[in-house]
Structures are given as structure tokens and as C-alpha cells.
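J.: Starting off with a structure, shown below.
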Amino acid sequence: MGAEQSKGSTGESDYPIEHEHTCDEINKRSIGKFIIKCCGHEGIVDEQDNRLRPLLQGAITHLDKEKEHVWKNAELTFYDKYANCFIMKAGEGQNKFLVHLDGKDEIEVICTEREPSRVGKFFSESWLNPYKWVPRSQDPALPPNDNKSSASSKSATNKEGTNV
């Protein structure tokens with residue numbers, strides 16, 4: 001189990017990465033495979049199993065709290081109680097989650113970064129520009145609206161349609 005070094009924003013090493021796993025989508029099955037890769041089968045008990053397995057199982061329970069598309073482009077970073085780093089990544093890993101034990105030794109899953117919203121990108125597309133609202137006075141396809149002349153002509157006619 002050769003430990004790689006994780007690179008911080010400055011390129012310096014932060015914590016050694018014990019295991020890094022890449023998959024198409026983070027789901028119960030892929031986390032299960034990661035558990036077997038890192039901890040072995042459930043009957044085998046060692047120190048690493050006792051510290052990492054609960055974190056990985058905690059991530060499985062958190063899967064339903066996010067939308068399905070989030071897990072196709074996500075990165076889960078696990079820190080055990082000895083600050084060993086385990087990373088699981090799907091896609092480009094733009095949705096980043098941190099899984100660790102809090103001060104009360106309870107599993108905590110925190111979203112640290114989200115990918116840009118799909119809705120915002122959809123409405124900013126240039127093909128939607130023809131549908132934006134344009135005031136009638138500025139629309140070149142419509143004849144100019146002459147409100148003053150039409151209003152004065154209506155008030156100047158009587159019931160028979162003759163001008164007064």
C-alpha cells in the first residue's frame with residue numbers, strides 16, 4: 001500500500017493518500033468495491049478496517065440525500081481518525097465531499113464544493129437570446145405604436161362614428 005502524496009493548491013504535499021479509486025459513478029456498489037479494496041471482506045478485522053469501514057458505510061447512507069446526477073461528477077475524500085486520506089472520484093470530481101469523524105466520533109459528510117448549476121448555464125445559452133423581451137417601441141418588426149393619435153381619434157367620435 002504505497003502512499004501517494006496529495007497536492008494542495010500550491011503543489012505542496014498535504015496528507016499521504018492511502019488509496020485512490022476512480023469510477024464512473026459513486027453509488028452503493030462502487031463504495032462497496034472501495035470497502036473491499038481498502039478494508040477487505042467484513043469477516044477480516046484489522047486496525048484499518050475498524051477506522052475506515054464506518055466512514056465508507058456513512059457515505060453510503062448519505063447517497064440518498066443528494067440528487068443522482070451529483071454522484072456522476074463527485075469526489076469523496078475520507079479522513080480517518082489518524083488523518084489518513086482515502087479518495088474516491090467519479091467524472092471530473094467537481095462536487096466535492098469530505099467524510100470524517102467529528103469531535104464526538106460521529107460520521108460527518110460535508111459538501112465542500114459544488115459544480116456550476118445546470119439551470120444557470122441553460123438560460124445563459126446564446127440560442128435563447130431571440131426570446132428575451134424587447135419593448136414594442138424598440139422592436140423593428142412591428143409598426144410604431146402611436147398611442148396619442150389613436151386615443152384622440154377615439155374620443156372625438158360619437159355613437160354614429162362621426163367626428164364631433
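J.: Under 17 Å from residue 107 (Cα atoms), at pLDDT below 90, assigned to a helix (DSSP H, G or I) and not polar (S, T, N, Q): which single residue out of 63, 56, 52 fits that description?
T.: Numbers: 63 fails: at pLDDT below 90; 56 fails: at pLDDT below 90.
Step by step, each of 63, 56, 52 is checked, and only 52 is under 17 Å from residue 107 (Cα atoms), at pLDDT below 90, assigned to a helix (DSSP H, G or I) and not polar (S, T, N, Q).
J.: Go through the stretch 16-33 and give me each residue that's surrounded by 15 or more Cβ atoms within 10 Å (Cβ to Cβ), assigned to a strand (DSSP E or B) and within 19 Å of the chain's Cα centre (by Cα).
T.: Selection gives 23 alone.
J.: I've got another one for you. Just to verify a result, which residue in the stretch 69-108, among those that are in contact with a helix residue (DSSP H, G or I) (Cβ under 9 Å, 6 or more places away or on another chain) and part of a helix (DSSP H, G or I), is modelled with the highest pLDDT?
T.: In this case the residue turns out to be 71.
The values are calculated or read from the model by the stated rules, or taken from the named source; none is laboratory data. Only a predicted model underlies this, so the values are computations on that prediction, with no experimental measurement involved. When we count neighbours, we look across all protein chains shown, and the Cβ atoms used for this are built from the backbone with ideal geometry, even at glycine.
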